[in-house]
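Since the structure comes first, as structure tokens, the remarks are kept for the end.
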Amino acid sequence: MELAGIKLKNPVMVASGTFGWGREYSDYLDLNKLGAIVTKSITLKPREGNPPPRIVETPSGMLNSIGLQNEGIEHFLKEDLPFLAKFDTPTIVNIAGESVEEYAELAKRLSKETTVKGIEVNISCPNVKKGGMAFGCDPKLTKEVIAAVRKATTQPVIAKLTPNVTDITVTAKAAAEAGADVLSLINTIVGMSIDIETGKSRLGSLTGGLSGPAIRPIAVRMVYEVTHAVKIPVIGIGGIMSGSDAVEFFLAGAKAIQVGTANFVDTEAAIKIIKEIDDYVHRYPRALNFS
Ligand code: DHB
């Protein structure tokens, strides 16, 4: 199948931030079997990330506040991209910036790399003061960032949307009008968990992004709304743990899906989900359309 020119063996990708840059997982599953690998966000300069604790389990999910820790684009191009180039699976690079110019610069630096098959623009990180969700909550800024990235690269541009808005179709339309080829949704929902013994937040940065099965019905609803509001393809994300969860997103209108939190529970989750989708397609040959 094809998604905005990106050739995929199957519609199952691993979601940004849950799979590092592929290296650690490569000991546990065959990366060649994945539809695509979406890398953890990279920024222009290295980032140390947020103070610990950074992760806490919650009912049917987890909160995280990593703060976009990464080694920066130079390190990524030197150390991580050559590793990913060894696999016959498209690499989609997720980028995050603190300004429109930073996003454009990242896209420009990546556009020369033949291993990079698409750029996912993180305008939805809930855990940083500058950039991230501040862009993705505002349709005007969404448009500016996506238009700047669009201008800086010929690679397919995927806008990753935040659910932390009143009406996600507004930012979806803004991203589509600015030239995004694909939308991916949803990123995490801002949440908080308090330890009643200490009276303090369980996260060093107080709030974090909620992911996992707890958010799935919200994600399915938003994918449904967005696929009925824009014409460009949508990648569904949000608490997909099994093939049947993935099928819900396809029936809501998604053309592909990303597996995130499930990778932490079972390193082979994505591989199992590919097989379970295949089983469903054999049971209901006309239910889904993967063209
Ligand atoms: C982080 C970034 C995200 O986009 C997200 O959804 C959750 C956490 C982070 O790096 O903190």
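The values are calculated or read from the model by the stated rules, or taken from the named source; none is laboratory data. Remember, it's a predicted structure, so these values are computed and weren't measured experimentally. FYI the Cβ positions are ideal-geometry reconstructions off the backbone, even for glycines, and counts take in every protein chain you see. In case anyone asks, the SASA skips ligands and DNA or RNA and just uses the protein heavy atoms, side chains included. Shrake-Rupley method; radii C 1.70, N 1.55, O 1.52, S 1.80 Å.
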Review point. Which of the residues belonging to the range 261-291 are under 21 Å from residue 181 (Cβ atoms) and either among the small types (Gly, Ala, Ser) or under 15 Å from the mean Cα position of the chain (by Cα) (or both)?
Key: 291
Study note, to complete from the structure: For the range 118-139 the number of residues that are modelled with pLDDT of 85 or more and more than 10 Å from the ligand (Cβ to nearest atom) is 8
Check your understanding: In the set 85, 96, 107, which member is of a type in the set (A, V, I, L, M), away from the ligand (no atom under 16 Å from the Cβ), open to solvent by less than 10 Å² (accessible area, probe 1.4 Å) and at pLDDT 95 or above?
Key -> 107
**Study point:** Subset of the range 42-65 [near the ligand (Cβ under 9 Å from one of its atoms) and over 22 Å from residue 213 (Cβ atoms)]
**Key:** 47, 49, 50
Revision key, fill the gap. Counting only helices (runs of 4 or more DSSP H) entirely within the range 73-174, those with at least 3 residues that are in contact with a Phe, Trp or Tyr (Cβ under 6 Å, 6 or more places away or on another chain) are 139-152
Review point. Somewhere in the range 231-240, is a residue touching a residue at least 40 places away in the same chain (Cβ under 8 Å), among the small types (Gly, Ala, Ser), in contact with a Phe, Trp or Tyr (Cβ under 9 Å, 6 or more places away or on another chain) and under 24 Å from residue 4 (Cβ atoms)?
Key: yes
Check your understanding: So which residues in the range 20-50 are within 21 Å of residue 96 (Cα to Cα), of a type outside the set (A, V, I, L, M) and in contact with a Leu (Cβ under 9 Å, 6 or more places away or on another chain), if there are any at all?
Key -> 21, 22, 23, 39, 40, 41, 43, 47, 49, 50
Study note, to complete from the structure: Subset of the range 42-60, residues buried (at least 20 other Cβ atoms within 10 Å of the Cβ) and under 19 Å from the mean Cα position of the chain (by Cα), comes to 42, 43
Study note, to complete from the structure: Given (1) in contact with an Asp or Glu (Cβ under 9 Å, 6 or more places away or on another chain); (2) assigned to a loop (DSSP other than H, G, I, E, B), residue 51 misses just (1)
Review point. Wholly within the range 194-291, which helices (runs of 4 or more DSSP H) include no fewer than the required count, namely at least 3 residues that are within 16 Å of the ligand (Cβ to nearest atom)?
Key: 216-227, 262-265
**Study point:** All positions within the range 164-180 that are open to solvent by 50 Å² or more (accessible area, probe 1.4 Å) and farther than 29 Å from residue 54 by Cβ
**Key:** 167, 170, 173, 177
Point to revise | Where residue 115 falls short, out of the listed (1) open to solvent by 30 Å² or more (accessible area, probe 1.4 Å); (2) within 16 Å of the ligand (Cβ to nearest atom); (3) hydroxyl-bearing (Ser, Thr, Tyr) | key: (2)
Practice item. Might you let me know whether the range 144-163 holds any residue that is under 23 Å from residue 54 (Cα atoms) and open to solvent by 30 Å² or more (accessible area, probe 1.4 Å)? Key: no
Exercise for review: Return the residue satisfying two criteria in turn: it lies in the range 128-177 and is among the hydroxyl-bearing types (Ser, Thr, Tyr) and under 20 Å from residue 41 (Cα atoms), and of such residues it is nearest to the chain's Cα centre (by Cα).
Suggested key: 162
Exercise for review: Return a yes/no flag: does the range 29-41 have any residue that is loosely packed, with under 14 Cβ neighbours inside 10 Å, farther than 19 Å from residue 211 by Cβ and away from the ligand (no atom under 12 Å from the Cβ).
Suggested key: yes
